[in-house]
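**Student:** Take a look at this one; I'll ask things after.
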Amino acid sequence: MQNDSDRFFVLTGGPGSGKTTLIEALCQAGFGTSVEAGRGIIRGQSAIGGTALPWHDRALFAELMLSWEIRSYQAACEQTGPVFFDRGVPDTLGYLKLSGLPVPSHVESAAERFRYASRVFIAPPWQEIFTQDAERKQTLDEAARTYHALVNTYTELGYELVPLPLAPVEVRLRFVLAEAGLI
């Protein structure tokens, strides 16, 4: 691997599609991973009575997501070996578009500057595992719309999307490692 972007692998997709479970399996297998921004921000904002929540102030939520993803990217630069990201900087761009909000030029700039491996893993909507909770309030329909927004965003940025199979995490883990050229 010649530069950081070659060793930085994004797992993206709509909510409730098994991304975080797969990231946890990759971590347990010894790979570097990042923590997903959305849940972390929601937990933090809820704990302090903050307003940067997707159901309160979507633009502010997006700014915090962008900041989180940039920090995750910079932290990964300090690691060696492959790193798997639970979403990436372009997810913020996709979120803004999905929400019908203006996309500030600094968000577009960040999506161009902070690059990942050219092949991005995307988890399709998966009704059988989809659940809602206090932090994931989206419906399955919203999850599917998120998936499509991310397909468009990553494609427009020149990434090749690799759909994850609708399969148990062990199968997904082997699939990702094989597709990333790590086994």
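Taken together, the values in this text are just the output of simple stated rules run on the coordinates, not laboratory data. As the structure is a prediction and not an experimental result, all values here were calculated from the model. In this analysis, Cβ positions are derived from the backbone assuming ideal geometry, glycine residues included, and neighbour counts consider all displayed protein chains.
**Student:** Please compute, over every Cα-Cα pair in region 87-159, the percentage with a separation greater than 21 angstrom.
**Tutor:** 30 percent
**Student:** Follow-up. Nearest 500 deg cm²/dmol is fine: what mean residue ellipticity at 222 nm does the chain get from its DSSP H runs of n ≥ 4 alone, each adding -39,500 (n - 2.57), divided by its residue count?
**Tutor:** One gets -15500 deg cm²/dmol as the mean residue ellipticity at 222 nm.
**Student:** Moving to a separate point now. So how far apart, in nm, are the two label points at L140 and E160 if each is 7 Å from Cα heading toward Cβ?
**Tutor:** Taking the simple label geometry, L140 and E160 are separated by 3.2 nm.
**Student:** Please identify every one of the chymotrypsin sites (Phe, Trp or Tyr not before Pro) in region 1-55 that sits in a loop by DSSP and has no more than 15 other beta carbons within 10 Å of its own beta carbon.
**Tutor:** Answer in residue order: W55.
**Student:** Give me the three principal axis extents of region 4-179 from the C-alpha atoms, as integers in angstrom, largest value leading.
**Tutor:** Principal-axis extents of region 4-179 (Cα, largest first): 40, 36, 31 Å.
**Student:** How many angstrom lie between the C-alpha centres of region 5-74 and region 114-154?
**Tutor:** The two parts, judged by their Cα centres, are 12 Å apart.
**Student:** Additional query: Evaluate the distance, in nm, between pseudo-label points positioned 7 Å from the Cα of A178 and of C27 along their respective Cα→Cβ axes.
**Tutor:** 2.6 nm
**Student:** If packing is taken as the mean number of other Cβ atoms within 10 Å per residue, what is the order of 173-183, 64-74, 80-90, highest first?
**Tutor:** Ranking the peptides 173-183, 64-74, 80-90 by packing returns 80-90, 64-74, 173-183.
**Student:** Now a separate question. To the nearest 0.05, how large is the calculated FRET efficiency for R71 and I48 if R₀ is 22 Å and r is the Cβ-Cβ distance?
**Tutor:** 0.75
**Student:** With +1 on the Cβ of every Lys and Arg and -1 on the Cβ of every Asp and Glu, and nothing else charged, how large is the dipole of the chain about its Cα centre, in debye rounded to the nearest 20?
**Tutor:** 80 debye
**Student:** Quick one: if you take sqrt(5λ) for each eigenvalue of the C-alpha gyration tensor of region 119-183, what semi-axes come out, biggest first, whole angstrom?
**Tutor:** Its equivalent ellipsoid spans semi-axes of 23, 18, 8 Å.
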